[in-house]
Structure formats: structure tokens, C-alpha cells
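Here the structure comes first, spelled out in C-alpha cells, and everything after it is commentary.
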Amino acid sequence: MAEELEIEISPTGQVTVRTIGIKGAKCLDAAEFIARIVGHEQSRELTSEYYEAELQVQQHLNIRNRQSP
Amino acid sequence: MSTVLVITPLIIANWSVISAAVLGAVGTLGFTAVAEALHDDLHETRPTRTEIDIEDSEILEAAAGTDQQIVVERDGVRAVFSRDARGALRLCMEGKGHSKSQLQQIGEELIGRVTQQYVYHRVVTELQEKNKVIVSEEVSADRTVKIRVRNW
């Protein structure tokens, strides 16, 4: 899946940024890049894609810990 | 699934950038720029007047432009954009036969479009400078602009 940002600029100038296909903290970095250009953040919603990469790291650590004597 | 940020815009620019945003935006609401002196007939009787200060704005002080104003009109309603004493963008609305609340509503719509135009230009310029690829761009029926960007 392509990594994309969808930027909506409403007729009042309010901006909504959605990340698509970008996993982990990188998706927040991408959205915050736009926030820094436009103004100040009003709200944020972190959904499963954000936690996906961190979850994979955690699972990997758990497996390693189980394998350790 | 995604990360979603909602961002309130902040206008910080010099007068030439503000002018470009104003002139680019007002046409979408049927307003046209006028030379103020040509329309004195508007003032034969005292028009209703209201002023709107755009709080989230700062017009940077520059050698030229800070004392200037942009005047636009539509159907006897005049809107004057200028820089107030604090350096923020101010909009003065006036028109005969309109109530203050009507002028306020028209003024807020104008400010919205100007802000949208400013934000659009700012975002696209910055994306191009960072070599991001705009893969699609559309304007919906409610005038929301939607841009999709690749290359993150």
C-alpha cells in the first residue's frame, strides 16, 4: 500500500490531515509536518496503524524473552 | 485506519502574500477588487458598517504594504481588508440595506475563503519545496479542497 497523506482544507481554512498506509510513529511525523506549516493542532486521533509497528516490536521482544534461558 | 490531525490555521505573512490570497479568494464569492475612489456613490447615505478582526493572523511589517488596503465589492457590499494597529488582518464590511449580522456573516465567509486560499498556497509551496508528489487534487461541492500526497 502506498504511503500517502490526505489533506483537506475546508472553506473556513480548517485543515484535516489523514495518513494512509504509513505505520508507526512515522505517520505522526508526516501529519505533524503539515501542522507545523499550517498553524496549531486542534485535535488528534491515533488509530491502529500508529500502534501497529510498535506492537510488532513488542511482540518480537516478548518472543526473544521467552527464548532466553 | 490512520492518524488524523485537525489543525486551526494561523496566517503569518507579509502584505503581498495576504493580497494574493485575498484577490485569489474573493472572486469565488462573486466579489471584485475596486479602486475605492470610483465608488463614492456607496456613501451617499450612511451605510451599515461592521469590523472583524482576524485574531489568528499577523501581517509582517515590511517597508511597503503595511498601510495599504484592498477593497472589494459585490452588489453594494464593500469589504476592506487592512492591517490593524496590532499587525493583525482586519476586515471592515459596509453596505446599505444590510444589517450588521448580515454583513458579519458575509465577512466571515470572506475571511474563511481568504484563509483557505492562504493555507492552500502555503501547503502546496512547502510540499513542492520538500519534493513531495501531489497525486490528486479536487474541490468538492462545498468548496473543500482535497489534496493527496505521496512520497513520505
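7 Å from Cα along Cα→Cβ at both residue A:29 and residue A:8: what's the point-to-point distance in nm?
My value for the distance between the label points is 2.7 nm.
Determine the shielding of peptide A:21-32 by partner chains: average, over its residues, the number of Cβ atoms on other chains within 10 angstrom of each Cβ. List each step's numbers first, then the result.
Working: counts 4, 3, 1, 0, 1, 2, 4, 2, 2, 5, 6, 3.
Per residue, the number of nearby Cβ atoms from other chains is 3 on average.
Relative to the isolated chain, which residues of the stretch B:1-31 have their accessible area cut by 30 Å² or more in the presence of all protein chains (1.4 Å probe, heavy atoms, no ligands or nucleic acids)?
Those residues are B:1, B:2, B:3, B:4, B:5, B:6, B:7, B:8, B:9, B:10.
Going Cα to Cα from residue B:130, which lysines come in below 23 Å? Please leave out same-chain ones fewer than 8 positions away.
Counting by Cα, and skipping residues close in sequence, residue B:130 has these lysines nearby: A:23, A:26, B:146.
Nearest 100 Å² is fine: how much accessible area is buried between A and B, summed over both sides, with a 1.4 Å probe? Show your work: numbers first, answer last.
On the way: alone 5780 and 9800 Å², together 11980 Å².
Buried surface at the A/B interface: approximately 3600 Å².
Quick check: at a probe of 1.4 Å, how many percent of the accessible area of chain B sits on carbon and sulfur atoms? Please report the intermediate quantities before stating the final value.
Numbers: 3680 of 7960 Å².
So the carbon and sulfur contribution to the accessible surface is 46 percent.
Helix B:100-129 versus the longest principal axis of chain B: what is the Cα-based angle in degrees, 0 to 90, to the nearest 10?
30
Want the number for residue B:144 to residue B:68: 0.36 nm per residue separation, take away the alpha-carbon distance, what's left?
Numbers: separation 76, 0.36 × 76 = 27.36 nm, distance 3.00 nm.
Full extension of this stretch gives 24.4 nm more.
Under a crude label model (7 Å from the Cα following the beta-carbon direction), how far is residue A:42 from residue B:109 in nanometres?
Placing both labels 7 Å along Cα→Cβ, they lie 2.0 nm apart.
Using mean Cβ contacts within 10 Å as the protection proxy, how do B:134-146, B:18-30 order, highest first?
On the way: B:134-146: 12.4, B:18-30: 18.2.
Order by mean packing, descending: B:18-30, B:134-146.
Compute, for chain B, the length of the dipole vector about the Cα centre, with Cβ point charges of +1 (Lys, Arg) and -1 (Asp, Glu) only. Units Debye, rounded to 20. Before the final figure, lay out each step's value.
Values: 17 positive and 22 negative charges, 113 e Å.
So the dipole magnitude of chain B works out to roughly 540 debye.
For the charge dipole of chain B, defined by +1 on Lys and Arg C-beta atoms and -1 on Asp and Glu C-beta atoms about the Cα centroid, which residue among B:13, B:81, B:91 has the Cα displaced farthest towards the positive pole?
Farthest towards the positive end: B:13.
The values are calculated or read from the model by the stated rules, or taken from the named source; none is laboratory data. What you see is a predicted model, and the numbers here were worked out from it, not measured in a lab. Here Cβ is always computed from backbone atoms with ideal geometry, including for glycine, and neighbour counts include all displayed protein chains. SASA here: full protein model, heavy atoms, side chains in, ligands and nucleic acids out. Shrake-Rupley method; radii C 1.70, N 1.55, O 1.52, S 1.80 Å.
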